[in-house]
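Report on the following structure.
The values are calculated or read from the model by the stated rules, or taken from the named source; none is laboratory data. Keep in mind it's a predicted model, so treat the numbers as computed, not measured. Heavy atoms of the whole protein, side chains included, go into the accessibility calculation; ligands, DNA and RNA do not. Shrake-Rupley method; radii C 1.70, N 1.55, O 1.52, S 1.80 Å.
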Amino acid sequence: MENKEKELTLQEIGLRFFTSRTDRDFTTMYYRMKPGISVYLKDMLPSMEERDEVMATTFAKVWAKIHQYDPYWNFSTWVYRIARNEALLFFRGKRKTYSFEAMEEMGINMEAKAGMLNPDYFEEEITPAERLAETVLEEIHNLPEMYKTVLTLREIEKKKYEDIATELGWKTNTVRTRIHKARRLIRAEVKRREPELLKKYQDLL
C-alpha cells in the first residue's frame with residue numbers, strides 16, 4: 001500500500017482527498033505537500049517557527065475549503081495560492097510595519113516576491129519556477145531511500161558535504177557520488193514529465 005501511494009502524483013492525491021474528504025487522504029496529502037510548501041515560504045518567512053504557523057493555517061484552510069476546489073485546476077496550484085495568501089495575512093497581522101529595507105535585513109527576498117504587491121497576484125497561475133520546485137521536490141520524495149536522504153540533506157536543508165558525511169557515517173566521496181546519482185535520476189524524471197523545465201533545473205542544481 002505504501003509503495004502504491006508513493007507512485008501517486010500530487011494531483012491524484014489531491015483529487016482523492018477532494019473526493020473522499022477523509023482524515024487518511026488528508027494526511028497523505030499533507031505529508032507529500034508540506035516539504036514543498038516549507039521551501040516555497042522560506043524566502044518570505046526565514047523563521048521556521050513562522051513557517052510552521054503559516055503552514056498550519058494553510059492546511060487548516062485546505063481542509064475547511066476543500067469543497068471550494070475546482071478539479072479543473074491543478075490541486076497543488078490551489079494549495080500554493082492558499083499558502084501565499086496566508087503568508088500575506090501573517091504579515092498584515094503583525095503590528096509592526098516593515099519597510100522594504102527592513103524586510104531585506106530579515107532575509108526576505110522582496111525582489112523575488114515583488115509580485116505579492118500586485119493586486120492581481122492571487123489570480124495568477126503558479127510560475128514556472130514554482131512548478132519546477134514542486135516537481136523536483138516530488139521526485140526527491142520518490143527516490144530510493146538512500147538517495148532521498150542524502151539529497152534532502154543537501155538540497156532542502158542545505159548542509160555541507162562534510163556535515164552530511166558525518167551525519168550519515170559515510171565518506172565524503174560517497175556523499176558526492178550519491179548526490180550526483182540522485183540528481184541524474186531526478187533530471188531524467190523532470191525531462192520526462194516537464195521537458196521545458198529541464199534547462200532551468202540544470203541551472204539550479
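How much length is gained if the chain between residue 23 and residue 188 is pulled fully straight, taking 0.36 nm per residue apart and subtracting their Cα-Cα distance, in nm to one decimal? Present the calculation step by step, with values, prior to reporting the outcome.
Numbers: separation 165, 0.36 × 165 = 59.40 nm, distance 3.38 nm.
Full extension from residue 23 to residue 188 adds 56.0 nm.
Kirkwood radius for segment 35-92, taken over all pairs of different Cα atoms as the inverse mean of 1/r, rounds to 11.6 Å.
With the convex hull constructed from alpha-carbon coordinates only, segment 134-182 shows a mean projected area of 3.0 nm² over all directions.
A probe of 1.4 angstrom, applied to the heavy atoms of all protein chains, finds residue 170 with accessible area near 70 square angstrom. You can think of it this way: the chain between residue 34 and residue 8 has 7.8 nm of extra reach, that is 0.36 nm per residue less the Cα-Cα gap. Pairs spanning more than 29 Å between alpha-carbon atoms, out of 61/181; 61/191; 34/181; 65/159: 61/181; 61/191; 65/159.
With a 1.4 Å probe and all protein chains in place, put 31, 80, 147 in order of accessible area, largest first. List each step's numbers first, then the result.
On the way: 31 145, 80 10, 147 40 Å².
Sorted descending by solvent-accessible area, the residues read 31, 147, 80.
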